[in-house]
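Heads up, the thing below is written out as structure tokens.
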Amino acid sequence: MIETNGLSKTIGEKTIVRPINVSFQGAETVAILGPNGAGKSTFLNMIAGLIKPTSGLISFHGNALKKDDYTLKEKIGFLSHQSFLYDYFTPIENLIFFGRMYKVENVRERAKQLIDEVGLKLFQNEPVRSFSRGMLQRLAIARALIHNPEYLLLDEPHTGLDQQAVSILNEVIKARQKEGVTVLMVTHDFQQVTDTCTRALIMRNGRLVDDLSISELGQDTLDSRYQAVVKSS
């Protein structure tokens with residue numbers, strides 16, 4: 001379980017995230033929605049331990065996340081807008097490199113499994129400098145999964161993906177949900193929210209303003225609820 005208590009972030013005189021109290025249970029796939037500037041990515045980065053909160057606490061199964069708590073951070077897989085991949089490495093070399101950082105056993109076999117899962121088997125020995133944006137995104141997703149994280153945090157993971165790659169990513173997300181992984185996903189794509197998520201949070205002006213069960217909503221209803229929230233004063 002992930003829990004935030006009074007989590008906020010202020011930079012200078014600008015408040016990016018206002019105090020948020022929310023919890024996420026195991027095997028949930030939660031979409032974080034909101035207009036640009038709502039504080040979604042900052043909120044996700046704080047949970048990942050990449051940005052220090054101004055106030056409040058983040059805990060994983062009751063254990064507070066601290067700056068140097070690498071044992072806890074190793075349980076997190078994070079996908080940001082940057083791939084963090086090495087251009088002159090092949091997919092297999094990139095994943096083995098990151099897998100060794102996490103001391104993954106049988107790392108080559110694990111890397112090959114993930115490359116196959118994200119649909120890059122035919123390109124596993126090609127330098128990634130020649131990859132398209134969508135191919136890099138697929139490999140970055142595999143990088144985030146190399147160490148079998150308990151918590152998977154995705155910042156706009158469908159960006160740059162074609163329809164085939166979107167389908168592959170959705171299957172990856174659903175497979176992790178079946179394994180009990182908690183998935184938090186910042187996205188603007190309502191179709192993917194209704195296809196993969198169990199819950200949706202809506203943020204506006206740094207505040208958490210709605211918390212919805214996807215099973216009780218269709219895509220049209222979710223869209224109308226979202227529009228009502230972001231347009232309200």
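Brief remarks follow.
- Answer residue from segment 148-165, given it is open to solvent by less than 30 Å² (accessible area, probe 1.4 Å) and more than 12 Å from the chain's Cα centre (by Cα) and is farthest from Gly119 (Cα to Cα) among those: Leu161
- Search result, residues across segment 166-212 that are in contact with a helix residue (DSSP H, G or I) (Cβ under 7 Å, 6 or more places away or on another chain), open to solvent by less than 40 Å² (accessible area, probe 1.4 Å) and part of a strand (DSSP E or B): Val183, Leu184, Val186, Arg199, Ala200, Ile202, Met203, Asp210, Leu212
- Scanning segment 120-147 for residues that are of a type in the set (D, E, K, R) and touching a residue at least 24 places away in the same chain (Cβ under 8 Å) turns up Glu126, Arg129, Arg133, Arg138, Arg143.
- Residue within segment 44-60 that is of a type in the set (S, T, N, Q), closer than 18 Å to Leu154 by Cβ and open to solvent by 80 Å² or more (accessible area, probe 1.4 Å) present: no
- Odd one out for Ser83, checked against (1) farther than 30 Å from Glu126 by Cβ; (2) within 17 Å of the chain's Cα centre (by Cα): (1)
- Some residue of segment 225-233 being in contact (Cβ under 8 Å) with a residue 12 or more places away in the chain and touching a helix residue (DSSP H, G or I) at 6+ places or on another chain (Cβ under 6 Å): no
- Some residue of segment 129-146 being on the phi > 0 side of the Ramachandran plot, touching a Lys or Arg at 6+ places or on another chain (Cβ under 7 Å) and either modelled with pLDDT of 95 or more or surrounded by 22 or more Cβ atoms within 10 Å (Cβ to Cβ) (or both): no
- Scanning segment 53-86 for residues that are part of a loop (DSSP other than H, G, I, E, B) and at pLDDT 95 or above, we see that the one that is farthest from Glu117 (Cα to Cα) is Thr54.
- Among the residues of segment 2-32, those identified as open to solvent by 60 Å² or more (accessible area, probe 1.4 Å) and outside any strand (DSSP E or B) are Gly12, Glu13, Gln25.
- Applying the condition of being assigned to a helix (DSSP H, G or I) and open to solvent by 90 Å² or more (accessible area, probe 1.4 Å) to segment 94-106 and asking which residue is modelled with the lowest pLDDT yields Met101.
- Selected residue [open to solvent by less than 90 Å² (accessible area, probe 1.4 Å), out of contact with any helix residue (DSSP H, G or I) (no Cβ under 6 Å at 6 or more places or on another chain), in contact (Cβ under 8 Å) with a residue 24 or more places away in the chain and under 22 Å from Gly180 (Cβ atoms)] from Glu74, Glu117: Glu117
- Against the numbered list (1) in contact (Cβ under 8 Å) with a residue 12 or more places away in the chain; (2) out of contact with any strand residue (DSSP E or B) (no Cβ under 8 Å at 6 or more places or on another chain), Ile2 comes up short only at (2).
The values are calculated or read from the model by the stated rules, or taken from the named source; none is laboratory data. Just so you know, these numbers come straight off a predicted model, no measurement behind them. Backbone-built Cβ (ideal geometry, glycine too); neighbour counts: all protein chains shown. We work out accessible area using only protein heavy atoms, side chains counted, and drop any ligands, DNA or RNA first. Shrake-Rupley method; radii C 1.70, N 1.55, O 1.52, S 1.80 Å.
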